[in-house]
Amino acid sequence: MNPSKRREKAKNRRESGRFILIPHAVLTSSDYIGLSYKSKALLVDLAYQYNGRNNGDLTAALGYMQTRGWKRSATLTDAVQELMVANLIIKTREGKFQNPHSRCALYAMTWQQIDECEGKDLEVAPTATPPRKFSLEKQSKHPLLKA
């Protein structure tokens with residue numbers, strides 16, 4: 001029996017498909033809470049690209065992000081910068097814009113380990129642990145969350 005059928009039978013539910021995983025420790029951090037709405041939206045769109053094996057190969061290139069509803073390059077640039085300053089993403093490859101060898105910048109979420117991304121020429125080495133360990137940080141007290 002295949003794994004999804006076993007899970008469905010064992011738990012009496014269907015496979016839910018892919019989902020976005022942003023831990024509560026990230027969402028309750030003061031770095032996340034202090035973000036602008038555009039940066040929070042970009043973080044969700046970057047997390048949407050993550051498949052469990054490609055952290056470090058996430059793009060914020062306008063050509064791709066237009067399919068996600070983004071319209072302006074300047075808005076994306078501002079949001080990327082804000083996410084990097086907040087240490088929620090890191091740049092894993094610098095973008096180059098020269099014909100015919102243009103390539104976009106790539107990013108990784110800091111709460112997941114950086115993966116080996118074959119053929120992507122990442123400038124950051126893969127890691128066995130996440131670059132930022134939110135679970136070890138003192139979390140801000142959000143008024144709506146119980147301690």
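Cβ-Cβ contacts under 8 Å between residues 6 or more apart (or on different chains), taken from a first residue in region 81-94 that is touching a residue at least 24 places away in the same chain (Cβ under 8 Å) to a second residue that is of a type in the set (Ser, Thr, Tyr) and assigned to a helix (DSSP H, G or I), are listed as Glu82/Ser39; Leu83/Ser39; Ala86/Tyr32; Ala86/Ser39; Leu88/Tyr32. One residue stands out among those in region 13-42 that are of a type in the set (A, V, I, L, M, F, W, C) and in a helix (DSSP H, G or I): the one that is nearest to the chain's Cα centre (by Cα), which is Leu42. Going by the conditions given, is Ala128 under 22 Å from Val26 (Cβ atoms), within 14 Å of the chain's Cα centre (by Cα) and of a type in the set (Gly, Ala, Ser)? When the stated conditions are applied, Ala128 does not pass them. Selection over region 60-77 of residues that are under 26 Å from Ala25 (Cα atoms), touching a helix residue (DSSP H, G or I) at 6+ places or on another chain (Cβ under 7 Å) and surrounded by fewer than 18 Cβ atoms within 10 Å (Cβ to Cβ) gives a count of 1.
If I filter region 126-145 for residues that are touching a residue at least 40 places away in the same chain (Cβ under 8 Å), surrounded by 15 or more Cβ atoms within 10 Å (Cβ to Cβ), of a type outside the set (Val, Ile, Thr) and over 25 Å from Pro23 (Cβ atoms), do I get at least one hit? There is no residue in region 126-145 that is touching a residue at least 40 places away in the same chain (Cβ under 8 Å), surrounded by 15 or more Cβ atoms within 10 Å (Cβ to Cβ), of a type outside the set (Val, Ile, Thr) and over 25 Å from Pro23 (Cβ atoms). The set of residues in region 78-117 that are under 11 Å from the mean Cα position of the chain (by Cα) and either closer than 13 Å to Asp31 by Cα or modelled with pLDDT under 95 (or both) comprises Leu83, Leu88, Ile89, Thr110, Trp111.
Across region 9-52, the qualifying residues are those that are of a type in the set (S, T, N, Q) and farther than 13 Å from Ala108 by Cα, and the one among them that is modelled with the lowest pLDDT is Asn12.
The values are calculated or read from the model by the stated rules, or taken from the named source; none is laboratory data. On a predicted model such as this, the values are computed, not experimentally measured, just so you know. We place every Cβ from the backbone using ideal geometry, glycine too, and count neighbours over all the protein chains shown.
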